[in-house]
């Protein structure tokens, strides 16, 4: 393993909002010691969004002609009939998009949005923690896998990029997806950050001191190979006017954690700091109680998700050929509603993928008639597409990763036709 990766892995850099006024002075001095160079080329960029809590895919994208679903959800079922108060957005005569996701309608019609339904993990756990861990590791039957699938993807990109911004998570701590030997950052706020060792229990009071100690203890030879490139990238971030960032006309981000994360990812893309894989997340999808229909918890969540992604896509006007967005959630919800006007932990859900090279305008995957005998465990939308089939097809096609055996070592499946064939 090359020395740059050793330095960044062992330092485990995490940049996040601490309110301490920016980068420690020793980093600024190091960055100032050399002129900034054009180190970064235009890359393909994958943005992954984790919907934590398990989204109800049957409410986000409803098979509205299914009479079994109508009976299973007497107060939660939504119709595509024009006479309804807020009808579902009819996608193809069978599936309807939740009306609060209207920001996705044009993307679907333009064939830039694809939906994969009945997708999930082959592992039948209904534990949020375990299911998220399996999905982020990409090994649903190996709990002890030390690396995350996105970290492995970084290592399989086939080139070394002289920047610590190759893989960035817009979160307060590094997600499981980015655990591993390859360098990755967690940044929650571009406009006000410090440098901290990952896992440092002392937090803000020792962040700068801890990193400077690492700097002092590292050999000068190692710094010559790793530090200067990293410092130059940090200098770019430090001097950028991120607080006054203006998205392109028409890109209106929601005032939400996800909207803020995607707006900051857009800034990193436009700054050309070598970003190739980005990660963001949103919560609130565990809808056991009062899930709601056209209004309520679920409606607010899908509105935020679709509006944030649509704003980001609009903001990426000049970069859309290079950017792809993919959502994921650990599992779905039960077909039948519960006694609290909600839904419980289930199995299959759906994913949204946005990009110019996506086979869009299609609801991919298999959703059977939801009669009791067709349900998994007689209660859930069955998982008919392994999440790794989606992850693998997107990563190998968009990021040009060739060794899917290392990306998903336990998986032997095939693609589902999600990405357009070229050549």
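So, in region 164-206, exactly how many residues are part of a loop (DSSP other than H, G, I, E, B), under 21 Å from the mean Cα position of the chain (by Cα) and either on the phi > 0 side of the Ramachandran plot or at pLDDT 70 or above (or both)?
So the count comes out to 19.
Residue 146 versus (1) in contact (Cβ under 8 Å) with a residue 40 or more places away in the chain; (2) more than 19 Å from residue 400 (Cα to Cα): which is the lone unmet condition?
(1)
Can you spot a residue in region 376-394 that is out of contact with any strand residue (DSSP E or B) (no Cβ under 9 Å at 6 or more places or on another chain) and assigned to a loop (DSSP other than H, G, I, E, B)?
Taking every residue of region 376-394 in turn, at least one turns out to be out of contact with any strand residue (DSSP E or B) (no Cβ under 9 Å at 6 or more places or on another chain) and assigned to a loop (DSSP other than H, G, I, E, B).
Exactly one of (1) buried (at least 17 other Cβ atoms within 10 Å of the Cβ); (2) modelled with pLDDT of 95 or more; (3) within 17 Å of the chain's Cα centre (by Cα); (4) assigned by TED's automatic domain parsing to the domain that holds residue 343 is unmet by residue 275. Its number?
Failed condition: (2).
Considering only residues that are in contact (Cβ under 8 Å) with a residue 24 or more places away in the chain and assigned to a loop (DSSP other than H, G, I, E, B), look in region 314-325 and name the one that is surrounded by the most Cβ atoms within 10 Å (Cβ to Cβ).
Here the residue is 316.
Assess whether residue 299 counts as being part of a helix (DSSP H, G or I) and either within 17 Å of the chain's Cα centre (by Cα) or farther than 30 Å from residue 69 by Cβ (or both).
Taking the combined requirement at face value, the residue does not satisfy it.
Here are 93, 21: which of them is out of contact with any helix residue (DSSP H, G or I) (no Cβ under 9 Å at 6 or more places or on another chain), on the phi > 0 side of the Ramachandran plot and modelled with pLDDT of 95 or more? Walk me through how you get there before you give the answer.
On the way: 21 fails: modelled with pLDDT of 95 or more.
It is 93.
Collect the residues in region 237-266 that are crowded, with 20+ Cβ neighbours inside 10 Å and out of contact with any helix residue (DSSP H, G or I) (no Cβ under 6 Å at 6 or more places or on another chain), keeping them in residue-number order.
Those that are crowded, with 20+ Cβ neighbours inside 10 Å and out of contact with any helix residue (DSSP H, G or I) (no Cβ under 6 Å at 6 or more places or on another chain): 237, 261, 263, 264, 265.
Determine, yes or no, whether residue 356 is over 20 Å from the mean Cα position of the chain (by Cα), touching a residue at least 12 places away in the same chain (Cβ under 8 Å), assigned by TED's automatic domain parsing to the domain that holds residue 62 and in a loop (DSSP other than H, G, I, E, B).
No, not satisfied.
Can you confirm whether residue 369 is outside any loop (DSSP other than H, G, I, E, B), modelled with pLDDT of 95 or more, out of contact with any strand residue (DSSP E or B) (no Cβ under 8 Å at 6 or more places or on another chain) and surrounded by fewer than 19 Cβ atoms within 10 Å (Cβ to Cβ)? Step through it out loud before you land on a result.
Values: outside any loop (DSSP other than H, G, I, E, B): no; modelled with pLDDT of 95 or more: yes; out of contact with any strand residue (DSSP E or B) (no Cβ under 8 Å at 6 or more places or on another chain): yes; surrounded by fewer than 19 Cβ atoms within 10 Å (Cβ to Cβ): yes.
No: the conditions fail for residue 369.
Could you look through region 326-350, keep only residues that are touching a helix residue (DSSP H, G or I) at 6+ places or on another chain (Cβ under 6 Å) and part of a strand (DSSP E or B), and pick out the one that is farthest from residue 254 (Cα to Cα)?
349
Residue 143: surrounded by fewer than 22 Cβ atoms within 10 Å (Cβ to Cβ), assigned by TED's automatic domain parsing to the domain that holds residue 380 and at pLDDT below 95, yes or no?
Yes, satisfied.
The values are calculated or read from the model by the stated rules, or taken from the named source; none is laboratory data. Here the structure is a predicted model, which is why all the values come from computation and not from measurement. Cβ: placed from backbone, ideal geometry, glycine included. Neighbour counts: every protein chain shown.
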